[in-house]
């Protein structure tokens with residue numbers, strides 16, 4: 001089982017980063033490496049089911065948005081290799097200062113479906129590399145959106 005927490009410090013306001021994460025749900029191709037097509041299959045207030053083709057593979061996930069916790073939970077419903085969850089959070093470094101940097105955090109709990117396919121499909125290293133690329137892309141975009149002081 002792959003259990004890992006990735007974190008990067010982002011010098012941007014909380015709302016800037018949170019709004020980018022929300023945009024990423026509707027437009028994953030702008031943020032996620034290898035996404036060619038995506039569509040929302042179901043949507044309620046804070047839950048959606050999304051299907052996308054990433055690196056040629058079909059991925060279907062249930063996404064739960066928890067705005068008061070600044071958290072988005074992705075539960076893999078269909079994935080060629082893994083079951084499990086990925087939780088994305090914006091963690092404030094200071095409650096009192098609106099200009100304090102934020103931590104962008106991804107917590108992965110993924111279980112490989114079968115070790116027989118190892119080497120044939122993307123493995124844990126590639127999944128982590130994609131998430132790290134996404135994190136650093138979000139960091140750069142959010143910091144570019146902030147006014148310079």
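The values are calculated or read from the model by the stated rules, or taken from the named source; none is laboratory data. What you are looking at is a predicted structure, and each value in this text was computed from that prediction instead of being measured. Because the Cβ atoms are built from the backbone with ideal geometry, glycine has one as well, and the counts that use them run over all protein chains shown.
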Residues within region 21-36 that are surrounded by fewer than 17 Cβ atoms within 10 Å (Cβ to Cβ) and within 17 Å of residue 77 (Cβ to Cβ), tallied: 0
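Here is a yes/no grid of residues against (1) out of contact with any helix residue (DSSP H, G or I) (no Cβ under 8 Å at 6 or more places or on another chain); (2) under 21 Å from residue 11 (Cα atoms); (3) surrounded by fewer than 15 Cβ atoms within 10 Å (Cβ to Cβ); (4) touching a residue at least 24 places away in the same chain (Cβ under 8 Å):
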| site | (1), (2), (3), (4) |
| --- | --- |
| 38 | no, no, no, no |
| 49 | yes, no, no, yes |
| 58 | yes, no, yes, no |
| 66 | yes, no, yes, no |
| 123 | yes, no, no, yes |
| 145 | no, yes, yes, yes |
Residue list for region 1-52, restricted to those being at positive phi and at pLDDT 95 or above: none
Check on residue 25, in a strand (DSSP E or B) and out of contact with any helix residue (DSSP H, G or I) (no Cβ under 6 Å at 6 or more places or on another chain): no
Long-range neighbours under 6 Å by Cβ, at least six apart or interchain, first residue free of Cβ contacts under 8 Å to residues at least 24 places away in the same chain within region 99-114, second part of a loop (DSSP other than H, G, I, E, B): 100/93; 100/94
